[in-house]
Structure formats: structure tokens, C-alpha cells
1. Could you work out how much longer the chain between Leu25 and Ser92 gets when fully extended? Use 0.36 nm per residue separation minus the Cα distance between them, nm to one decimal.
2. Name the residues whose placed amide hydrogens come within less than 5 Å of the amide hydrogen of Leu135, ignoring near sequence neighbours (fewer than 5 apart) on the same chain.
3. As an exercise, use a Förster radius of 30 Å and the Cβ-Cβ distance of Glu141 and Leu113 to find the FRET efficiency, rounded to the nearest 0.05.
4. Report relative contact order for region 99-150 in percent, whole number only (criteria: Cα-Cα under 8 Å, sequence separation at least 6).
5. Taking amide hydrogens as modeled 1.01 Å from N in the peptide plane, which residues meet the under 5 Å criterion relative to Arg3, leaving out close sequence neighbours?
6. Give me the accessible area per residue for region 93-158, probe 1.4 Å, as a whole number in Å².
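The values are calculated or read from the model by the stated rules, or taken from the named source; none is laboratory data. Keep in mind that this is a model prediction, so the values were computed, not measured. Cβ coordinates were reconstructed from backbone atoms using ideal geometry, including for glycine residues, and neighbour counts include every protein chain displayed. Each accessible area value is taken on the protein alone, full model and side chains, heavy atoms only, with ligands, DNA and RNA left out. Shrake-Rupley method; radii C 1.70, N 1.55, O 1.52, S 1.80 Å.
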Amino acid sequence: MVRYVRHELASGAAKVAGIVAGTALAVGTRQGRQWSATDTENAAIVAVAFLVIAALVRSTRFGHRKDFESAGPLPDTGQASGSEETAVRSGSLFVLAAGLVYVWSDIWVLVLLVASDYLAKGVVGGLWQRRHGKLLWRVSEEDGEHRLAYSPLSPPPATRTATDAPPA
């Protein structure tokens with residue numbers, strides 16, 4: 001089980017970093033396509049516009065909001081947080097994105113759109129968590145499928161007595 005928002009944001013950031021690394025490697029080694037200031041500015045505008053559009057769509061009932069609202073309570077399975085799964089997946093996405101951009105420089109647009117979608121899912125999930133006071137988790141089922149579950153955002157405070165002594 002992994003924290004949903006951290007997982008989505010790490011995946012999106014890995015893809016964006018892969019685009020930057022692949023482009024820098026391609027330009028540095030092959031003297032490939034030269035980037036002008038206008039190209040870079042247009043890429044940034046496209047990325048921000050798609051990120052905003054994806055976040056707006058994801059925050060509706062047609063997007064992930066229905067998945068968040070249908071999430072059940074987190075089962076007490078005693079599993080670890082799964083941060084190593086997120087790290088391995090992010091590293092793989094970084095290498096894949098960098099390799100694709102290095103081999104075919106024009107695919108960066110597609111990789112950027114996919115990365116923006118991951119970032120939008122993370123942002124929308126984070127906003128939902130904040131509004132509802134719940135922490136979203138991505139839980140693996142026995143059949144390999146994933147579902148969302150939630151836990152309280154912060155643990156309940158310890159019960160104290162009037163003399164500030166722990167309860168018996």
C-alpha cells in the first residue's frame with residue numbers, strides 16, 4: 001500500500017525530470033534539435049495549460065473525484081508504507097522518459113502531457129485530502145488490481161484525564 005498523492009506526484013516529477021535529462025543528453029551528444037527561447041516558452045505554456053485542464057477535469061465527478069469518494073476505510077493489514085515501490089517506479093519512469101526523449105526528440109510533448117496528468121491527479125488528490133481530512137492510500141488487491149482507501153489525516157489525540165495523567 002502506498003500513499004496516493006505522493007505516488008502520483010513522484011511519478012509526474014520523474015517524467016518531467018526524464019524529459020529534461022533526455023533533452024539535455026540529446027542536445028549535448030548529437031547536436032540535435034536546438035531549442036530557442038520561443039520553443040521553451042511554448043513548451044512551458046502548453047504544459048501549464050494542460051496541467052490546469054487536466055486538474056479541472058480530474059476534480060469533477062467524471063474524473064478521479066468519484067474514485068476518492070467511493071474509497072473505503074483502510075484495512076488494518078500492518079503493511080509498510082510502500083515508499084520503496086514509489087521510488088522504484090519513479091526511477092523507472094525517469095529512465096523511460098529520458099530514453100524516449102533521447103531516441104526521438106519530438107516525443108517530449110506526449111511525455112509532458114502524460115506527466116501533467118500524473119501531476120494533476122496528485123494535486124486533485126491532495127486537495128481532496130485536505131478538504132475531507134483523510135489520507136488516501138493506493139492498496140493492492142490479491143488479483144493485482146489497485147483500489148483507493150483512506151485513513152484519518154492525523155491520528156486521534158491520546159486520551160488524558162483531568163490531572164493530565166494517562167488513563168488506567
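1. Values: separation 67, 0.36 × 67 = 24.12 nm, distance 1.74 nm.
Once the chain is fully extended between Leu25 and Ser92, it gains 22.4 nm.
2. Residues meeting the criterion, in which the H sits 1.01 Å from N, are Ser151, Leu153.
3. Values: r = 29 Å, r/R0 = 0.96.
Approximately 0.55, to the nearest 0.05.
4. Details: 26 pairs, mean separation 9.6, N = 52.
RCO, region 99-150: 18 percent.
5. Excluding prolines and chain starts, which carry no amide H, the hits are Arg138.
6. Details: 3830 Å² over 66 residues.
Result: 58 Å² of accessible area for each residue.
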